[in-house]
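Structure, as structure tokens:
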Amino acid sequence: MAVLWLDEVRSDDLETVGGKAASLGELTAAGLPVPPGFVVTAGTYRTFIEEAEIDEELFEAVDVDSEDSKALAGAHERAHELIMETPFPEDVAQEILEAYRSIDDGEAFVAVRSSATAEDLPDASFAGQQETFLNVREDDLLQRVKECWASLFSQRAIYYRNQKGFAHDKVDIAVVVQRMVDAEKSGVMFTSHPSTGEPRIIIEAAWGLGEAVVSGAVSPDNYVVNRATQRTEDVTVADKKLMHVKDAETGETVERAVPDERREERVLSDEEIARLVDLGEEVERHYGQPQDVEWAIYDGEVYMLQSRPITTISDTAVSNVENVSGSGTSDAAVDGEGGSGNGQAAVGEVVVRGLGASPGIASGPARVVTKLDHLDQVAEGDIIVTEMTMPDMVPAMKRAAGIVTDEGGMTSHAAIVSRELGVPAVVGCGSATRQLEDGQPITIDGDKGTIREGVESKEKQRQPVEDARPKTPVKPMTATEVKVNVSIPEAAERAAATGADGVGLLRIEHMVLSLGKTPERFISDNGERAYVDEIIEGVRTVADEFYPRPVRVRTLDAPSDEFRQLQGGEDVPREHNPMLGYRGIRRSLGNPSVFKLELEAFRRLYDMGYDNLEVMFPLVNDAEEVIRARQHMKEAGIDPEKREWGVMIETPASALQVGAMAEAGIDFASFGTNDLTQYTLAVDRNNENVASVYDELHPAVLELIGSTIETCREHGVKTSICGQAGSKPKMVQYLVESGVSSISANIDAVRDVQHEVKRVEQRLLLDSVR
């Protein structure tokens, strides 16, 4: 059988259903409030890879040096590809779907959760190693099951198994499919202190679904209950900025800002705390050891979503609290009586406070990590300072002397992994990434939750980044988003340093032209996979830098004369006026073999988790071209209903046809004023003889822009500008007054545009009340 129901499962079924499912089955049998569901067994996964004959290649692909970041990424990508591209056996698919249909007559929203056979064990939690998907319906169920299987070979999972000594070919994975609890509030509970083992129950709670708490995306409320007296000893009400909820229209899990009046409101009542404490003690009695429990509350009822042993309490935990030093720094050095041997002085005043999440004291240079690409810069003895850790950061966390995060609590990924690694950690600091400088010597205390400063050291920031970083202390807050244009991936770091709201234009053609060959020649010489990989690498560099801010990527748009300069250019048609020729969407639709590879790159990036990417098609004239491009997206495996995509408005035709394009499904329209101006005024922008006639503020150009914005607003389509004119104050004023959604400027103009937008918005507000 491919499927077992939770009420058929017990804790000794670990090899059949994995750690998570075995625990849920045990809780169900004990009469605890567990949502109903079933398990796609570990044997089903094993049969799938063996009958498809991908098992040997799979295990060979992941047999790499896990300290080699590039090798690790390649192993994950190949393993994911093998599993996701292998068809589901029909009989297994039907059995899974029939089981789903028996939950709420096939109308249920379900959680699809990985349950590996090496998971939630007494000596290894495997926290965050595999995937979980929330609010899934029948249409996506089978795909999500396969994605859970593939997550057995994520970079973090490969690395963790290597560190813990688990052979890849000996670990299988089951998948739990369980009715969703549409939680009003949720969180995690430790039935004993997770670091010291003291008899105190620690509960963390936030609004909405628990994923925000577990991932560390939100700093939750923290409640400490003395088990002997049953008294709540300490309550910390956090500023809960966001929550994960089910979207009422789509049913998908989305991130929402917490309403202002609830951000600092206490989540749990005394009665709810008492109920959770009762359940926690009942679970611990059942298992006979301290537990880490995920819970949710809906309509006044408490549900248990998961329980696993706390793996971070050692026999000598309490005595070690005062002695652990993650970087090998002596107590004398910490107290200011010693030194590092390089002239560093004693530690000073507390500069940042948070929640002590993993005990010990560590000193070292702060390494402020704002993107995954910076993890390779984390050296032995550094202290990682980041907004929140993610599972892919584990290799760097192992090198670090300590961890500091802006968000998260005692049950966040940072806290759990730090405790397992024996690395001191302070979480939920709020602003550590802004208050601490990269390279600054600091000392963290994982017991007290403090970060103290040491002597100043030379800054290690690269000067180009400092040039772009805003010199004014506070970013102007505007309703109109101000984004940045990025021409090449190498400029991503500098662009992100501007504080822009995202990328309004990332050009693929610069990545392609840098290959030195036309796409056709490069593919002929190196293969389709290599071409797709080049695009992925370039786009990913920018997407990492800005995540989760949106990055709008334009598909290939280079005129033929630029391709003629490359190897293979002799096969490119010679055109009298390339700006009016074979370029933009007409080139993509006319050469679908190359276009499909661009879209394949987007699909793979989406599969890798880059949900901040948006696809933009250039030089589109009408709805027919939009419909054809949309069909190509579907054929590439990209769902136009779920992904953000749109068009450039660069011709009078596109401005006049934008209503029909909106009805065809675009999410946004972005003005390319360089082309729109030259095509409206019949002026070659590269011809110095008519340069004086070229004017983006010409009344005809402005009328096309204004009417497009008005039409798009009627259809609920966002508008933006990514041409050079977006940096001009008069154009900014016109756009804001017309109701544009966003303005994208060049790197060196972002802060000026932000201030100009703010001035215009303030004037409009004043005018409306005068």
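The values are calculated or read from the model by the stated rules, or taken from the named source; none is laboratory data. Predicted, not measured: the structure shown is a model, and the values here were computed from it. Note: ideal-geometry Cβ built from the backbone for every residue, glycine included; neighbour counts use all protein chains shown.
Quick look at the values:
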quantity	calculated
Flag if Val245 is part of a strand (DSSP E or B), on the phi < 0 side of the Ramachandran plot, crowded, with 16+ Cβ neighbours inside 10 Å and in contact with a Ser or Thr (Cβ under 7 Å, 6 or more places away or on another chain)	no
Residue among Gln291, Gln230 that is buried (at least 18 other Cβ atoms within 10 Å of the Cβ) and touching a helix residue (DSSP H, G or I) at 6+ places or on another chain (Cβ under 9 Å)	Gln291
Leading residue by the ranking (surrounded by the most Cβ atoms within 10 Å (Cβ to Cβ)) among those in segment 509-522 that are at pLDDT below 90 and part of a helix (DSSP H, G or I)	Val512
Segment 473-489 residues that are outside the structural domain of Asp748 (by TED's automatic domain parsing) and assigned to a loop (DSSP other than H, G, I, E, B), paired with ones that are modelled with pLDDT of 90 or more and buried (at least 21 other Cβ atoms within 10 Å of the Cβ) (beta carbon under 7 Å, 6 or more apart)	none
Selection count where residues are small (Gly, Ala, Ser), more than 28 Å from the chain's Cα centre (by Cα) and at pLDDT 80 or above, scope segment 341-363	3
Residues within segment 368-392 that are at pLDDT 80 or above, outside any loop (DSSP other than H, G, I, E, B) and under 15 Å from the mean Cα position of the chain (by Cα), tallied	2
Residue in segment 612-632 that is at pLDDT below 95, surrounded by fewer than 21 Cβ atoms within 10 Å (Cβ to Cβ), within 23 Å of Glu252 (Cα to Cα) and out of contact with any Phe, Trp or Tyr (no Cβ under 8 Å at 6 or more places or on another chain) present	no
Members of segment 224-241 found to be of a type in the set (A, V, I, L, M, F, W, C), in contact (Cβ under 8 Å) with a residue 40 or more places away in the chain and more than 18 Å from Gly430 (Cβ to Cβ), listed by number	Val225
Criterion (closer than 28 Å to Leu14 by Cα, in a strand (DSSP E or B) and under 23 Å from the mean Cα position of the chain (by Cα)) met by exactly one of Val175, Val213, Val145	Val175
Filter result for the condition that a residue is surrounded by fewer than 16 Cβ atoms within 10 Å (Cβ to Cβ) and in a helix (DSSP H, G or I), over Asp525, Asp544, Asp533, Asp561	Asp525
Cβ-Cβ under 9 Å pairs, at least 6 apart or on other chains, segment 68-88 side over 11 Å from Phe153 (Cα atoms) and β-branched (Val, Ile, Thr), far side at pLDDT 90 or above and part of a loop (DSSP other than H, G, I, E, B)	Thr86/Ala52; Thr86/Ile54
Residue check, Lys70 within 20 Å of Phe133 (Cα to Cα), out of contact with any Phe, Trp or Tyr (no Cβ under 7 Å at 6 or more places or on another chain) and of a type in the set (Lys, Arg)	no
Segment 710-724, residues that are in a helix (DSSP H, G or I) and under 17 Å from Trp645 (Cα atoms)	Cys712, Arg713, His715
Checklist (1) closer than 18 Å to Phe133 by Cα; (2) at pLDDT below 90 applied to Ile103, failing item	(2)
Matching entry among Gly584, Gly538 (being within 22 Å of Phe617 (Cα to Cα), modelled with pLDDT of 85 or more, crowded, with 21+ Cβ neighbours inside 10 Å and out of contact with any helix residue (DSSP H, G or I) (no Cβ under 8 Å at 6 or more places or on another chain))	Gly584
Cross-chain or 6+ apart pairs with Cβ under 6 Å, segment 108-125 first and crowded, with 20+ Cβ neighbours inside 10 Å and at pLDDT below 50, then acidic (Asp, Glu) and in a loop (DSSP other than H, G, I, E, B)	none
